[in-house]
Amino acid sequence: MYLRKRFIGILFFVVLLGCFTSCNSVKRVADNEHLLTNNTIIIDGEKENSETLNNLLYQKPNSKIPLRLHIYNLARPNIDSILAVKLADSSKQGIKRFLSKKQFYKMQESKLHFNQWLKNTGEAPVIVNEDKTKKSVKRLQDYYINNGWFNVAGTYNIKKNENKRAEVTYNIERGPTFIIDSISENIASPAVETLYPRFKKGALIKKGEQYKTINFELERERISGLLRNYGLFHFKQDYITVEIDTIGTNNNVNVNFNIQNRAIRTPDSIVRKPFKIFKIKDINVYADHSFANEGKTVKDSVVYDKYKLYSYGNMRFKPKAITDAIFITPNALFKDIDRTYTYRHLNELRTFKYPDIEYVEENDTTLTANIYLTPLKKFSLGFSTEASTSNIQAIGFALNPSLLIRNIFKGAETFEISGTAAIGSSSEGNRQDNDPFFDINELALDLRLTIPRLFSPFNTEKIIPKYMFPTTRITLSGSGQTNIGLDKQALSGIFSYNWRPSTKITNSLDLFNIQYVRNLNIDNYFDIYSTSYNRLNNIAQSINYNNGENLEIPNETDTFISDVLNNNTSLTVNDEDYRSVSAINERKDRLTEDNLILSTSFSFIKDNRRNLLDENFSIFRFKIESAGTLLANASRLFGLKKDSDDRYELFDVAFSQYIKTELDYVKRWDLGKQNIFAIRSFFGIAIPYGNSTNIPFAKSFFAGGANDNRAWTAYALGPGSSETTDEFNEANLKIALSAEQRFNLFGDLNGALFIDAGNIWNVLDDVEDNRATFSGLKSLEDIAIGSGFGLRYDFSFFLFRFDIGFKTYDPSYQDANRWFNDYNFKNAVYNIGINYPF
């Protein structure tokens, strides 16, 4: 019965939508005009519907679902003149008699604004224009001519219907294809003629391939770039011309590249001379250039590694810090790419404004490079405040000051200091009678030093040269909390190297990453994890423990757990409630234990995006992390004692030992017309060994949430097929798969349909629950599937996202059908996020 009602509702919606979209489409189409409803492209007798060809047409039909067309049709076309008449009418008619003149003017003005909003939001009807149709034919012909069909013929046919609608058919006959045959060169300058043979191996124009105009443009660009990187300072792409011969060649193309001499313009004429190879003689660096310093005398100067550095005041930088960022080399050939590298590297120092690099000709074969650097202010101060409320605190306030110090050690280093100071008032459920109003506080301090090179006692230039933009980051941070959760105190330190072998690849090596977490208020555990408390309390009442009274936190809860596990109650190891109490206790111990983690990790990222607007790309991420190995070896070496659980301790904390790896792949396909198809796959596993039998909570995996499986809230899914109701479910193995179709609705509003799949499991650790552990391929039956739809609004600088996820396949249903049990809006999960989930 329920499915029948749903079907009737869907059918009614579809019929209503069909009626809406079929009427009034030609409301704003004049009698002598026709609405374009369809374009058909026929290539050599066969229909072609590729996005490339459709984008060449000057006129395209309105959207298939003409919602925006109907919104546009709601606007009145001549409202300006209508309102002008109303405003000029002095008679007191209708509503005008009840309004003042000013109010009446405001009302008419609002009508005008609303009418304009309808036009801007909607989509004007596309009226068939024969001139644009002819231009479309010409553009289609040009497209095929530029791709090797030189004898293209094109016609069109406009079919006009009586209902003021029309269809356009384009017919293109391409003729034979033209193939590259002979390739020759005519080079005027001896220097170019000598270099040119080196470039032939990577040529984009090859004998036997079909002619394509774009390849000739790219080849001219390639040759020009190579020549400018071999000392030809004056060379430009315009000096390369191409002659194409197709006369009497039987559909072959004979190609001749002409590379002319340099053109030198004089007042009366243009003189051509052979190109010469230039070398860099001197490099002058002005370390404190500014408009105010122009014309002043240089006060300080230094020569370092053949670089000449000048300063109008005292030299504030170590010479090596600047020269390491300069790729232009004294006594070397002029290379245009060196200038590009120098720009990029100097910018990444975050110490100077955009630099200015100028080349001055000393004679016919030498150049002087002048580099003008304008330092940024040494200190930058930041400050922000925020107010918040949550289920923990009724109200809270936070201050977030920050200070950036540039060139702190005169080596272009940047030192950042940031902190957080917060106070808050507990919500009534968390407040004690004697607590002050502001009983919550949090303090945090973060220190970060960035060094624009690898900080190492060894010479790493041969392994990681400076064109890879290496940097060293040293971070120290600490935080403390009062009346927040378990009142954690945390300290961490990171020593990491970062470098980029290419524009697409980024590498990061955390040589040392140490984290220490101490819980000061373990007695508050069941106040925070109320679901665990409720389960524990219900079990106690079911066996009439404590005379049926609620368990007090923490004494009675801890006593009850101890009594159950020591067989001092009616529960036995075979009872489900006994196992539940045991699981609650294990989780309590896990989440309240202190952590000490000393790890080393390596990350690799390959990002194929050409720019921020590119929607046809892939991203691959890989990370491997090892923790505890150094501490374990040192503990054995120094013969440290073990605790009762056979674990080495440092500062009274058993350190963690594990190996962890993550693989993440994202791919997007641009399907045209603002349609994007995107997929994501993720696999992660963390294996404890040696000093650990499980993974620290901070290093474990979770499933669900706005950026994962959107049919479950964060931490709510898994592990495996277990029916846990814990607030935070986590494990040490994760698989995640997602697919999403993104499309434009109208304007900046976009829609999406998605499917998410995945789950988490325990593997090779101390968890023994079969439903939560991964035991082989059969465990893949526990992969949860969610599906849904969403809306996105593009604000240009960020994207606001709203998704609704439905539980499509829920592995927590043990003995029942797992498909579509909770597939409804009542059990759906509503997610709000910023930017795309992947």
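For this structure, a couple of remarks:
- Spans of strands (runs of 3 or more DSSP E) in the stretch 588-690 with at least 2 residues under 16 Å from the mean Cα position of the chain (by Cα) and among the aromatic types (Phe, Trp, Tyr): 617-627, 658-672, 675-688
- Test for Thr385: is it in contact (Cβ under 8 Å) with a residue 40 or more places away in the chain and β-branched (Val, Ile, Thr): no
Listed here are the residues, each with its yes/no results for (1) touching a helix residue (DSSP H, G or I) at 6+ places or on another chain (Cβ under 9 Å); (2) surrounded by 13 or more Cβ atoms within 10 Å (Cβ to Cβ); (3) free of Cβ contacts under 8 Å to residues at least 60 places away in the same chain; (4) closer than 30 Å to Ile328 by Cα.
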site	(1), (2), (3), (4)
Lys201	no, no, yes, yes
Glu209	yes, yes, yes, no
Ile214	no, no, no, no
Arg228	yes, yes, no, yes
Ile240	yes, yes, yes, yes
Glu243	no, no, yes, no
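- All conditions but one from (1) in a loop (DSSP other than H, G, I, E, B); (2) within 24 Å of Glu294 (Cβ to Cβ) apply to Leu309; the one that does not is (1).
- Filtering the stretch 461-474 for residues that are in contact with a Ser or Thr (Cβ under 6 Å, 6 or more places away or on another chain), assigned to a loop (DSSP other than H, G, I, E, B) and of a type in the set (Lys, Arg) leaves an empty set.
- Contact annotation: residue pairs with Cβ atoms under 6 Å, 6 or more positions apart or on different chains, pairing a residue in the stretch 441-454 that is touching a residue at least 12 places away in the same chain (Cβ under 8 Å) with a partner that is basic (Lys, Arg) and in a strand (DSSP E or B), are Thr450/Arg473.
- Residues of the stretch 702-717 classified as surrounded by 24 or more Cβ atoms within 10 Å (Cβ to Cβ), of a type outside the set (Lys, Arg) and either outside any loop (DSSP other than H, G, I, E, B) or under 21 Å from the mean Cα position of the chain (by Cα) (or both), total: 4
- Restricting the stretch 381-409 to residues that are part of a strand (DSSP E or B) and closer than 30 Å to Asp338 by Cβ, the residue that is nearest to the chain's Cα centre (by Cα): Leu404
- In the stretch 264-292, the residues that are outside any loop (DSSP other than H, G, I, E, B) and free of Cβ contacts under 8 Å to residues at least 12 places away in the same chain: Ile264, Arg265, Ile270, Val271, Phe291, Ala292
- Among the residues listed as Phe317, Phe291, the single one being exposed (fewer than 14 other Cβ atoms within 10 Å of the Cβ) and within 23 Å of Arg406 (Cα to Cα): Phe291
- Residue that is surrounded by the most Cβ atoms within 10 Å (Cβ to Cβ), among those in the stretch 363-380 that are at pLDDT 90 or above and more than 36 Å from the chain's Cα centre (by Cα): Ala369
- When residues in the stretch 294-306 are screened for being within 28 Å of Ala332 (Cα to Cα) and either part of a loop (DSSP other than H, G, I, E, B) or of a type in the set (Gly, Ala, Ser) (or both), 4 of them pass.
Rundown of residues vs (1) modelled with pLDDT of 90 or more; (2) in the same structural domain as Asn538 (by TED's automatic domain parsing); (3) assigned to a loop (DSSP other than H, G, I, E, B), yes/no style:
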site: Thr557; (1), (2), (3): yes, yes, no
site: Phe560; (1), (2), (3): yes, yes, no
site: Asp563; (1), (2), (3): yes, yes, no
site: Ser570; (1), (2), (3): no, yes, yes
site: Val573; (1), (2), (3): no, yes, yes
site: Ser582; (1), (2), (3): no, yes, no
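- Summed over the stretch 495-538, residues that are assigned to a loop (DSSP other than H, G, I, E, B) and of a type in the set (D, E, K, R) total 2.
- Restricting attention to the stretch 45-79, the residues that are in contact with a Lys or Arg (Cβ under 6 Å, 6 or more places away or on another chain) and assigned to a loop (DSSP other than H, G, I, E, B) add up to 4.
- Residue list for the stretch 667-714, restricted to those being at pLDDT 95 or above, among the β-branched types (Val, Ile, Thr) and over 30 Å from Ile514 (Cα atoms): Ile679
- Of the numbered criteria (1) at positive phi; (2) modelled with pLDDT under 85, the one Asp646 fails is (2).
- Of all residues in the stretch 493-513, those that are farther than 23 Å from Ser618 by Cα and modelled with pLDDT of 95 or more have Cβ atoms under 7 Å from Cβ atoms of residues that are of a type in the set (Asp, Glu) and surrounded by 16 or more Cβ atoms within 10 Å (Cβ to Cβ), 6 or more apart or on another chain, in Ile494/Asp510; Ser496/Asp510.
- Across the stretch 718-734, the number of residues qualifying as at pLDDT 90 or above and surrounded by fewer than 20 Cβ atoms within 10 Å (Cβ to Cβ) comes to 0.
- Matching residues in the stretch 542-553 - criterion: being surrounded by 15 or more Cβ atoms within 10 Å (Cβ to Cβ) and touching an Asp or Glu at 6+ places or on another chain (Cβ under 8 Å): Ile543, Tyr545, Asn546, Ile553
- Subset tally (residues that are out of contact with any Asp or Glu (no Cβ under 6 Å at 6 or more places or on another chain) and either over 19 Å from Ile597 (Cβ atoms) or at pLDDT below 85 (or both)) for the stretch 611-635: 8
- Checking Val517 against (1) surrounded by fewer than 19 Cβ atoms within 10 Å (Cβ to Cβ); (2) within 30 Å of Arg621 (Cα to Cα); (3) β-branched (Val, Ile, Thr), the condition it does not meet: (1)
- Those residues of the stretch 806-838 which are of a type outside the set (Phe, Trp, Tyr), touching a residue at least 40 places away in the same chain (Cβ under 8 Å) and closer than 21 Å to Arg668 by Cα, in sequence order: Gly833, Pro837
- If the condition is being touching a residue at least 24 places away in the same chain (Cβ under 8 Å), of a type in the set (A, V, I, L, M, F, W, C) and part of a loop (DSSP other than H, G, I, E, B), then the stretch 121-160 contributes Ala124, Val126, Val128, Trp149, Phe150.
- Any hit, the stretch 244-261, residues being closer than 30 Å to Pro190 by Cα and touching a Pro at 6+ places or on another chain (Cβ under 7 Å): yes
- Residue check, Gly720 in a strand (DSSP E or B) and touching a residue at least 40 places away in the same chain (Cβ under 8 Å): no
- Among residues of the stretch 723-749, those that are in a loop (DSSP other than H, G, I, E, B) and either of a type in the set (Phe, Trp, Tyr) or not assigned by TED's automatic domain parsing to the domain that holds Phe825 (or both), counted: 1
The values are calculated or read from the model by the stated rules, or taken from the named source; none is laboratory data. Model, not experiment: these values are computed from the prediction. FYI the Cβ positions are ideal-geometry reconstructions off the backbone, even for glycines, and counts take in every protein chain you see.
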